[in-house]
1. Quick one: which residues, 5+ away or cross-chain, put their amide H under 5 Å from the amide H of Arg26? H built at 1.01 Å from N.
2. Restricting the count to DSSP beta bridges whose residues both fall in the chain, what percent are antiparallel, rounded to a multiple of 5?
3. Within 10 Å, count the other beta carbons around each residue, average over each peptide in 307-313, 84-90, and list them highest first.
4. For the chain, find the longest principal axis of its Cα atoms and tell me its angle to the long axis of helix 139-149, 0 to 90°, nearest 10.
5. Mind ordering 12-24, 39-51 by average Cβ neighbours within 10 Å, highest first?
6. Please get the size of the charge dipole for the chain, origin at its Cα centre, with Cβ charges of +1 on Lys and Arg and -1 on Asp and Glu, quoted in debye to the nearest 20.
7. Tell me the Kirkwood hydrodynamic radius of the chain in angstroms, computed as one over the mean inverse distance between distinct C-alpha pairs.
8. For the chain, find the longest principal axis of its Cα atoms and tell me its angle to the long axis of helix 289-300, 0 to 90°, nearest 10.
Amino acid sequence: MTEMMNAVRLHRFGGPDVLRHEEAPRPVPAPGEVLVRVHAVGLNPPDWYLRDGYRALPPEWQPRAAFPLIPGWDISGVVAATPDQVHEFRPGDEVFALVRFPETVMQGGGACAEYVSVPAGQLAAKPAGLSHAEAAGAPMSLLTAWQFLIETGHDAPNPLQSFPHAPVPLEGRTVVVNGAGGGVGHLAVQLALRAGAEVIAIASARHEAALRDLGAHRFIDYTREDPAAALRGVDLVLDTVGGAGSSRFLGVLRRGGALFPVFPMGFAGHAEAEELGITVSTTQVRSDGAQLSRAAELLADGRLRVLIDSTYPLAEAARAHARAERGGIGGKIVLTVVQ
């Protein structure tokens, strides 16, 4: 008899209202996978992109989904069962993970549910002292910032780039983080600071106090001041907003500097960057339990902090997505599964 669980599923693409909280079959772990009882789920831009059917992508890249599907990739929870060949984790262990990303980017990672099956190599021990909500807010955003700035950990290029991404030295350099108030941004600010960089954070005024508290050396409110006019001669811009607007940062970089757009779709400044002697590079975040374990050490002792914008019960996932659509997210939106 199939065991059931509560989950959030999509039966079609659309707005937040298409998210349905309902019963679904509990996953059965494949060899090398661990069954995790989910306590919290972190939401990220790919969650609302998938829900909407990735309409911003060219038609040939849009998913041909097999409905119903369970979205979500970031989890924190407790190991419920392990197969015989997995020795790193035991039932009762508290863990967190970015689940099967990017290989399930077009069909969802199955995280928005009471249980999820996770490849053992993608799991890490949950940092002691963090709540499940805080831990669930970390994986995708933290691994994105880590793989852009510290260690990529793979040589698979982004589909929009023909060469592997390589981080640049940060110690003693000036690093600008655009979109610093968001999930990737606020963690990138902290990683760059830990690496010895002078960090300039760009966000709206509502995020200034939090970013200064995290240690940003300078804050620019983009609603009041044009960063492209206010900055010159910086070493690196990590643009977590990305898109066509990233090209405006080419003028703030020194020759030999680098621009890392997290979302490169629409960027058209490659010829200008080459003329200016600026490296433009991006990567696709990938699940990596070993990297997450190293980052967890920084979370455990408070050297990194995860800021939570808001939390919603799993059954109110539609409200959480509606919150994301309003914008101005400060840190992460999290769904709680176990109260």
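1. Residues meeting the amide H criterion: Glu3, Met4, Met5.
2. Antiparallel bridges make up about 55 percent of those DSSP assigns within the chain.
3. Ranked from most to least packed, the peptides come out as 307-313, 84-90.
4. In the chain, helix 139-149 runs at an angle near 30 degrees to the longest axis.
5. Put in order of decreasing packing, that is 39-51, 12-24.
6. 460
7. After inverting the pairwise mean of 1/r, the radius is 20.3 Å.
8. 80
Every number in this text was worked out from the coordinates using simple rules, so none of it is lab data. What you are looking at is a predicted structure, and each value in this text was computed from that prediction instead of being measured. Note that each Cβ is placed from the backbone with ideal geometry, even for glycine, and that neighbours are counted across all protein chains shown.
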